[in-house]
Amino acid sequence: MNPSPDQAPERFEAAMYRKITMRLMPYLFLCYVVVYINRVNVSFAKLQMQQDLGMSEAVYGLGAGMFFIGYFFFNVPSNMVLKKIGACGLLGPILIVRGILSAWMMFVHGAASYYILRFIGGAVEAGFFPGVVLYFTFWYTSKHLGKMMAMFFAAVPLSGIFAGPLLGWILKHMQGVAGLAGWQWLFLICAIPCTLVGVGLFFVLTNDPERATWLSADEKRLVLGNLQAEHDAHKRAGGAKSKLSDAFRNSSVWLLCVVDFGVTAGNYGIAFYLPQAIKNGISQDPVTIGWLSTIPWVVTTIAMLVVGHHSDKTGERRWHLTLCCFFGAAAFAVSSLPGAPGAVILAALTIATAAILCALTVFWAVPSALLSGTAAAVGIAWINAVGNLAGYASPHAIGIIVDHTHSMMFAMLAMSGSMLVSSVLTLYVTRKGALRQ
């Protein structure tokens, strides 16, 4: 049922935002699921590919992280392009090409080809996540962004829920079919939906409210008016900088880069090594590993929605973000205990996963309180670019640590340290309540 302007203003506004969310979120959510699976499916492929190709842990970790070097260099340019040509003109092609590159991973035959394809994949995908975050700011005011980011980020744990059993099944049952290894089938099968949803995006998304034929004139006026009112309020208060250079002159942007780096280090420590941790401590069977790997993601999905909703409802960001980082640090520390049973390690990594994704959910509601316009496009992309360098550093560092110590203990302690730094730094950058709504 469409909202009517004859309703009470609050009810009309709430119904309008529900309508926008139901139009945009399901497809963007689907896009993120397939993108994220193609980003981290190498963690399952590793269970066979590493032995087939004779890769060391350091080579695997460097290649897994090489994705984020390409990602770093193309984040800001991609968001500048999106601001000029719109979401449909950029996000669709990103998904299509990303799917094609994912399929090419089946032809990896050594370290060099592995590094190159991971780098190019990161360069292509660079514009997707920051582009979607920027796209949300075209529709929603900051008071809605915590909930929207929680819904969008839920694609990460849900991709883990669906991908774990599927990827484990592919590795076990597709091995040798048509002369291909299970890990080669894994890359090929994952690539197909990514390309298809990229094509479909052209027919589903609308670039901005002004061009949304599915919104009434009253709805367009209200959504655009709310965005303009928020921008004007931030400007009067000395907040929300809008020039490109403002993104780099704002010290809080640089500090938020470090916070994001620390949390993201923990995120990709989980993403690229969870299957290996389960294999080391609980089971060698790929299907069992796949099913057990869903546990952290099920818990995380619920936790994210609860934390994101509570943060929006209370308007509080500082302590939500700080405590999530702290609990993540504590959970990683527990997972590093020598001789801990596999069940304890899995429980600790489940808590760490939930804490990390809850932290990221709250985190991405923060930059919009600082920046708007061109500065928002650049600032969001820059924070994401620098933060995601942890996606390079984290798996590479873990690989080196494991190669030298033959243990995950010190690797998990490193992840704990990165989360603890983010927790402490969050308290500093949000002092005086500057980032509270």
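The values are calculated or read from the model by the stated rules, or taken from the named source; none is laboratory data. No experiment lies behind these values; they were computed from the predicted model shown. Virtual Cβ from ideal backbone geometry, glycine too; neighbours counted across all protein chains shown.
Report, by residue number, each residue of region 70-122 that is in contact (Cβ under 8 Å) with a residue 12 or more places away in the chain, surrounded by fewer than 22 Cβ atoms within 10 Å (Cβ to Cβ) and charged (D, E, K, R).
Listed by number, the list holds a single entry, 83.
Could you run through region 42-61 and say how many residues are hydroxyl-bearing (Ser, Thr, Tyr) and crowded, with 20+ Cβ neighbours inside 10 Å?
Step one: list which residues in region 42-61 are hydroxyl-bearing (Ser, Thr, Tyr), which gives 43, 56, 60.
Of the ones still in play, those that are also crowded, with 20+ Cβ neighbours inside 10 Å are 43, 60.
Total satisfying the criteria: 2.
For residues that are among the hydrophobic types (A, V, I, L, M, F, W, C) and not in a helix (DSSP H, G or I), scanning just region 127-143, find the one that is surrounded by the fewest Cβ atoms within 10 Å (Cβ to Cβ). Working first, answer last.
Start the filter on region 127-143 by keeping residues that are among the hydrophobic types (A, V, I, L, M, F, W, C), which leaves 128-129, 132-134, 136, 138-139.
In the following step, the residues that additionally are not in a helix (DSSP H, G or I) were identified as 138-139.
Values: 138: 17, 139: 22.
Step by step, filter region 127-143, then rank; the result is 138.
Just to be sure before I move on: is residue 247 crowded, with 23+ Cβ neighbours inside 10 Å, among the small types (Gly, Ala, Ser) and either modelled with pLDDT under 80 or outside any helix (DSSP H, G or I) (or both) in the structure I sent?
Here the answer is yes, as residue 247 does meet what is asked.
Scan region 8-48 for residues that are among the charged types (D, E, K, R) and without any contact (Cβ under 8 Å) to a residue 40 or more places away in the chain and jot them down.
Matches in region 8-48: 10, 11, 18.
Quick one: what pairs do we get from region 396-415, first residue farther than 16 Å from residue 340 by Cα and crowded, with 16+ Cβ neighbours inside 10 Å, second aromatic (Phe, Trp, Tyr) and modelled with pLDDT of 85 or more, C-beta under 7 Å, 6+ apart or different chains?
Close Cβ pairs (under 7 Å, with a partner that is aromatic (Phe, Trp, Tyr) and modelled with pLDDT of 85 or more) amount to 399/60; 401/410; 415/332.
Test of understanding: among 187, 261, 272, which residue is modelled with pLDDT of 95 or more and buried (at least 18 other Cβ atoms within 10 Å of the Cβ)?
After applying the criteria, what remains is 187.
Going through 100, 69, 94 one at a time, which residue ends up being of a type in the set (Val, Ile, Thr), part of a helix (DSSP H, G or I) and over 26 Å from residue 192 (Cβ atoms)?
Of 100, 69, 94, the one residue that is of a type in the set (Val, Ile, Thr), part of a helix (DSSP H, G or I) and over 26 Å from residue 192 (Cβ atoms) is 69.
Examine region 62-69 for a residue that is surrounded by fewer than 21 Cβ atoms within 10 Å (Cβ to Cβ), within 19 Å of the chain's Cα centre (by Cα) and not hydroxyl-bearing (Ser, Thr, Tyr), and state whether such a residue exists.
Within region 62-69, one or more residues are surrounded by fewer than 21 Cβ atoms within 10 Å (Cβ to Cβ), within 19 Å of the chain's Cα centre (by Cα) and not hydroxyl-bearing (Ser, Thr, Tyr).
Checking residue 276 against (1) closer than 23 Å to residue 414 by Cα; (2) of a type in the set (S, T, N, Q); (3) under 19 Å from the mean Cα position of the chain (by Cα), which test does it fail?
Answer for residue 276: the failing condition is (3).
Restricting attention to region 300-322, report how many residues are touching a residue at least 60 places away in the same chain (Cβ under 8 Å) and either more than 30 Å from residue 148 (Cα to Cα) or surrounded by 16 or more Cβ atoms within 10 Å (Cβ to Cβ) (or both).
13
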